[in-house]
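> Here it is: the structure, laid out below.
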Amino acid sequence: MTVVAVMLGFVHAVQFGRRDDLGYRRPPVTASFDDLRRRGLPEVLFVHSFLPEGVTICDVNVFAAMIEEAYHPPRTLLVDASDENGNQRCRGVGNNGIWEWAVVTPGRRSGWRMTLAPERDGQRQAIIEAVTAERGHVQVGPNLVTFPISTRPPGQPCAGKPVPFGPMDAMGYRRPPVTVSFDDLSRRGLPRTLFVNGSLPEGVTVCDVNVFAAMIKEAEEVGSLRYVRQDERGNDQCVGLGGTGIWEWWVVRAGKPIDGERYAAPRQGICSILFAPEKDGKRTCTVDLNGYPGHEPEDDSPITFTIRVRPMSMAVLEREAVTADLADVAEGVELTLSWLANTTPAAAGLLRLMAFLPDVPVPLTNLLYAGQPPAGLPGPEAAALIGPLLNNPAAASEAMNALLYKSLVRHARGLRVQVHPLARAAIRAQLTADESAHWQHAGAALVEGALPADPQAPTSWPTYARLLPLARATLDLTSDGMRRIARYLGESGSYPAARDLCRLIADALTTDDAHSPEHPRTLAARQELARWTGMGGNAASARDELADLLPVIERVLGPDHPRTHATRSSLAYWTEKAAG
C-alpha cells in the first residue's frame, strides 16, 4: 500500500495546527476539549477503537445515555455484586469489558473504573475514577466525572439528551454513532486503517493514512523527527515526533470476517517508523507495529507511504505524470514550490506573477526593464517581491535562473518564457480568491507599465507587438494602457483592429460607473473610433460618427475648445472623402 501525503489540486491540503510545546504540528482534532468547555461539559472524552465499524468518540452526556440504555435490558450492563455500602462495580457492557472504552482527559489517557452508587429517588450515581498502577500497587483516583442514570422502568425519558443509538449487535448492546468509519475510507478509495492519538492536550485526533503521512512529511521537513539508529539496510528508525514518542499514536484496522461475523477492530501500537534511503527524491516510510492479542485485521500488509524529500524539476515530474499517481506528482510540485519560496522568494513571486498572466510566452525583458517602475503595482506582497527585480538585470537574472533550474519556466521563441503547466495549475490551486485577484492586478499593472509612452513612434512598435497578447488579456478596456494599444494598432497600419478595439473601449466607457456617455475620455474614444473607421476605408461611417459627436463635444467642452476644433476639421475632411 503506497500513498501520497498531500494531493494538491485533487483534495484539500491538510490544515495543520501551530507548532507547540510538543514540538510538531498535528492534524485538526476530531473531538476537542475546547468544544466540551463551550458546551459546559466536563473535559472528559470516551473513545472506543475496537469496533467493527470504526472509531467512536463521545462526551459524558452521550456515554451516560448509553450506560442508562444498557442498564435496563437483562444482563446488558454487567455489574458485580453489591459491596457492604450497596455500591456495584461495572465490569462491562454487553459481551465486552468496560476497558474497551478509553477515558481521555486533557493530556492523558487514563485507566479507569466505573462504580454505581445505591439507588436513590429512582436514580443511581455513576462514578468514574482514574486507576493507575505504580510499582505493582493499584491506586484509585482522582474522580474524573459522575453522572446519574435512571433506574425507572424502561420507556421513561433518559437522564441525558436523546441519542440515536444503533441496533443491538453481536456485542450485546447499542452504541452511539461511529465518529470515523472504515466504510467512509472505502468510499474514498483509502486503506481501511486509522491513526488515533488520545494523548493530546487539545483532545483526540483520528486521521486516515494520507493525513498521517502528510504530518510525518511536514515533521521531516522542519526537523522535528527523532531518529535512534540506522539498520543494516540504511533505514533510519524514527521513534518520536517533536518531544513525544511515536508510540502515542496507535493504529486501528478493520477486523477480518469470520463465520459471517466481523471480529472487533484490532488496535496496534506504533513502535517506530522506518525511513528507507532516498531514491529519486523520495523516501518510503514503513510503520512498524507491535503485536496484538486475538483479533486479526482484514489487511495485515505493512503500512507504508512515500514522502518526497527533495525538490524536483518540472521536467522530471512531467515524465512521472505519465505513469505515476497524479497525487504523487502534485506533491512533488508542491514541494518544489515550497523550496523555491524558502530559497529564492523573489523567484517565487515572479513565478506567481506569471502564473496569473495569460498562458502565452511572456517577454520578461520588456516587463522587467521598462525604464520606469509601474506606478500602480498593487499590494505589499507584489511590491516587496517584484519591485526589487524591476530595472535590475542582476536580480532579475538570479530569479530567472532559479526558475529555469527546476524547469518551472521554459524558453520560448523571441526571448520569451512560459510557465510550466504543472506549476501554473499548482499555484492557482493553492491561492485564495483574494490572493489570486491580487496577483492578477499586479500582472496587469506590470503590463501597462511596460507599454511605451508614445505609440506613434515606430521604434516602439516591436515592444507593443510583443506585449499585445498580454495587454488584450489583462488590461481593462477603460484603462489608459488599452487606449495606447488601440493607438499603436492604428498607427502601425492595423486599421480594422484599431477600429474594433476603439468601439469596445467607447462602449465600455459609456457604461462604466466612473465615466459616462459624455465623459471627455468617452468622447475621445469615439473620435478615435471615427478616425480608424475612415482610415479603414469607410469614410461615410467616419463622417456620420463625427456628425453625431460634434454637437455633444460643443456642449460638453465648449465651441472654442481645441478638441472641438479638431472634431470640426475631421468632420470636414471625412465629408470631403465621402463625397469624392
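Please treat every number below as a calculation from the coordinates, not as lab data. Predicted model, so just to flag it, every value in this text is computed and none were measured. No Cβ is skipped: glycine too gets one built from the backbone with ideal geometry, and neighbour counts run over all protein chains shown.
> Between residue 83 and residue 456, 0.36 nm times their residue separation minus their Cα-Cα distance comes to what?
Gain on extension, residue 83 to residue 456, equals 123.9 nm.
> Turning to a different aspect of this structure: Going 7 Å from the Cα of residue 95 toward and past its Cβ, which residues in the stretch 170-193 have a backbone nitrogen under 17 Å from where you end up?
Within reach of a label on residue 95, which here means backbone N under 17 Å from a point 7 Å along Cα→Cβ, the stretch 170-193 contributes 170-175.
> When you count, for each residue, the other Cβ atoms within 10 Å and take the mean per peptide, how do 485-491, 556-562 rank with the highest first?
485-491, 556-562
> Excluding residues on the same chain fewer than 8 positions from residue 406, give the lysines whose Cα lies under 24 Å from its Cα.
Counting by Cα, and skipping residues close in sequence, residue 406 has these lysines nearby: 217, 279, 282.
> Now a separate question. Using amide H atoms built in the peptide plane, which far-off residues or other-chain residues are under 5 Å from residue 362 H to H?
Under 5 Å from the amide H of residue 362 lie the amide H atoms of 417, 418, each far enough along the sequence or on another chain.
> Shifting gears a bit: Search the structure for amide H atoms under 5 Å from the amide H of residue 166, placed 1.01 Å from N in the peptide plane, and list their residues when 5 or more places away or on another chain.
Amide H neighbours of residue 166, under 5 Å, 5+ apart: 175.
> Let me ask another. Between residue 35 and residue 577, with labels modelled 7 Å along Cα→Cβ, what's the label distance in nm to one decimal, could you check?
So the label points at residue 35 and residue 577 sit 7.4 nm apart.
> Hey, what do the phi angles of the stretch 15-26 turn into as Karplus ³J(HN,Hα) couplings, whole Hz, using 6.51/-1.76/1.60 and θ = phi - 60°, x for Gly and Pro?
9, 6, x, 6, 6, 10, 5, 7, x, 8, 9, 10
> A further question follows. Using packing as a proxy for protection, rank 419-428, 42-51, 137-146 so that the peptide with the highest average count of other Cβ atoms within 10 Å comes first.
Peptide ranking by packing, descending: 42-51, 419-428, 137-146.
> Next up: Dimensions of the stretch 311-449 along principal axes (Cα, Å, largest first)?
47, 32, 26
> While we're looking at this one, here's another question. Can you run phi through the Karplus equation (6.51, -1.76, 1.60; θ = phi - 60°) for the stretch 383-388 and list ³J(HN,Hα) in whole Hz, with x for Gly and Pro?
5, 6, 8, 8, x, x
> Only helical DSSP H runs with n ≥ 4 go in: add -39500 (n - 2.57) per run for the chain, normalise by residue count and round the 222 nm mean residue ellipticity to 500 deg cm²/dmol.
Using -39500 (n - 2.57) per qualifying helix, the result is -12000 deg cm²/dmol.
> Quick one: what are the phi-derived ³J(HN,Hα) couplings along the stretch 510-525, Karplus 6.51/-1.76/1.60 with θ = phi - 60°, whole Hz, x for glycine and proline?
Per-residue couplings from phi come out as 5, 9, 6, 5, 7, 10, 5, x, 10, 5, x, 5, 5, 5, 5, 5 Hz.
> From Cα pairs below 8 angstrom and at least 6 apart in sequence, can you work out the relative contact order of the chain, rounded to a whole percent?
Reported relative contact order: 10 percent.
> Against the longest principal axis of the chain, how steep is helix 461-474, in degrees 0 to 90 to the nearest 10, with axes from Cα atoms?
So the helix axis and the longest Cα principal axis differ by about 40 degrees.
> Okay, moving on. Using packing as a proxy for protection, rank 350-357, 120-127, 193-200 so that the peptide with the highest average count of other Cβ atoms within 10 Å comes first.
Going from most to least packed, we get 350-357, 193-200, 120-127.
> Exposure proxy check: 565, 441 ranked by fewest other beta carbons within 10 Å?
565, 441
> Can you figure out the FRET efficiency of residue 513 with residue 428, using R₀ = 30 Å and their beta-carbon distance, to the nearest 0.05?
0.55
> Can you pull the percent of Cα pairs in the chain with separation above 38 Å?
Above the 38 Å cut-off, the chain has 54 percent of its Cα pairs.
> Can you divide the C-alpha Rg of the stretch 17-131 by 2.2 N^0.38 Å and report the result to two decimal places?
Rg over 2.2 N^0.38 Å, computed on Cα atoms: 1.22.
> Which far-off residues, 5 or more places away or on another chain, put their amide H under 5 Å from the one on residue 144, with H placed in the peptide plane?
Counting only residues 5 or more places away or on other chains, the set is 128, 129, 130.
> Rounded, prolate or oblate: pick one for the stretch 476-580, where a ≥ b ≥ c are the square roots of the eigenvalues of its C-alpha gyration tensor, a/c under 1.5 means rounded, and failing that, prolate if a/b is larger than b/c, else oblate.
It is oblate, given that a/c is not under 1.5 and a/b is not larger than b/c.
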